[in-house]
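A.B. asks: Before we start, here is the structure in question, set down as structure tokens.
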Amino acid sequence: MHSVKFSFSLSALLLAAACGGAATSEIDGAANEAAAPHLDPPAHENPASAPPHPTHALPSTTSDPSGEHSPEPAQDGDTGRFSEKDQTEDSAEAPPIDPTIVLIEEVKNRKTTDDRAIEALNEARSAGADVRSLAKAANRRGEKMAAETERATRFFEWARAADPKYPNASFNLARLAANAGEIEAAKALLHEVKKRGGKRLLKNVGFDPTFALIAEDPDVRALIN
């Protein structure tokens, strides 16, 4: 009977020791789990639940085929940059040059041949140039070559015919006639000067030695006075 009790007691001790060990393992496991850091699963294992990565705005640039970046246009006030106003002003077209002005300047140029100068005068008149401006240009060219009577006469005559109210060309023709001794022609041209309103020009007759042969002529004196 004592052996039975001893066996029973030994079994009970073994069972209690086993239960206690299991409980201790469970407690130790729970403690280890609580102490261990919590790690999220890698993003590739569960992409749906992974939080979105933050994005950062990058400065806007315009790429060209070479791969380089061109900066955006600067705002007004930036040094060395173009503003919208500047771009508008730069894009404005320059006003066209009046072709008649170019032609008149060509007439005044002494390097221009006489034939070309006459052509330029006619072209400018066809283009609508002011007749008085053309007459002055032709008369001025004739005065520059007064020593060459034939050349000068050609431009004086053109100016005289172009503007019937322009007296200067007629006066210059009268000087050439008087210098050549053509008294009647000179007197007729001086009358024409008066009709065209050249009273100031006629006052020069009494002082200009070119008119010495006709200065005291009664008809001429009447024109001067």
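The values are calculated or read from the model by the stated rules, or taken from the named source; none is laboratory data. Bear in mind the structure is a predicted one, so any value in this text is a computation, not a measurement. All Cβ positions, even for glycine, are placed from backbone atoms using ideal geometry, and neighbour counts span all protein chains on display.
A.B. asks: Within the stretch 145-188, can you find the residues that are under 44 Å from the mean Cα position of the chain (by Cα), among the acidic types (Asp, Glu) and over 16 Å from residue 201 (Cβ atoms)? Step through it out loud before you land on a result.
C.D. replies: Applying the first criterion (under 44 Å from the mean Cα position of the chain (by Cα)) to the stretch 145-188 yields 145, 151-152, 154-169.
Now drop any that are not among the acidic types (Asp, Glu), which leaves 157, 163.
Hit for the stretch 145-188 is 157, nothing else.
A.B. asks: Still on this model: Filter the stretch 197-206 down to residues that are of a type outside the set (A, V, I, L, M, F, W, C) and in a helix (DSSP H, G or I) and give me whichever is modelled with the lowest pLDDT.
C.D. replies: Here is the first cut: in the stretch 197-206, the ones of a type outside the set (A, V, I, L, M, F, W, C) are 197-200, 203-204, 206.
Applying the additional criterion that residues be in a helix (DSSP H, G or I) yields 199-200, 203-204, 206.
Details: 199: 93, 200: 94, 203: 93, 204: 93, 206: 89.
Result: 206.
A.B. asks: Select, from 141, 125, 110, 116, the only residue that is outside the structural domain of residue 181 (by TED's automatic domain parsing), touching a residue at least 24 places away in the same chain (Cβ under 8 Å), surrounded by fewer than 21 Cβ atoms within 10 Å (Cβ to Cβ) and not in a loop (DSSP other than H, G, I, E, B). Walk me through how you get there before you give the answer.
C.D. replies: Values: 141 fails: surrounded by fewer than 21 Cβ atoms within 10 Å (Cβ to Cβ); 110 fails: not in a loop (DSSP other than H, G, I, E, B); 116 fails: touching a residue at least 24 places away in the same chain (Cβ under 8 Å).
Matching residue, one of 141, 125, 110, 116: 125.
A.B. asks: Hey, another quick one. Within the stretch 173-196, track down each residue that is assigned to a loop (DSSP other than H, G, I, E, B) and either more than 17 Å from residue 150 (Cβ to Cβ) or not assigned by TED's automatic domain parsing to the domain that holds residue 215 (or both).
C.D. replies: If the condition is that a residue be assigned to a loop (DSSP other than H, G, I, E, B) and either more than 17 Å from residue 150 (Cβ to Cβ) or not assigned by TED's automatic domain parsing to the domain that holds residue 215 (or both), then 196 is the only one that fits.
A.B. asks: Let me ask another. Is it the case that some residue within the stretch 202-209 is within 57 Å of the chain's Cα centre (by Cα), hydrophobic (A, V, I, L, M, F, W, C) and buried (at least 16 other Cβ atoms within 10 Å of the Cβ)? Talk me through it step by step, then tell me what you get.
C.D. replies: From the stretch 202-209, those within 57 Å of the chain's Cα centre (by Cα) are 202-209; that's our starting set.
From what's left, hydrophobic (A, V, I, L, M, F, W, C): 202, 205, 207.
Checking the rest, the ones that are also buried (at least 16 other Cβ atoms within 10 Å of the Cβ) come to 202, 205.
The answer is yes; a qualifying residue exists.
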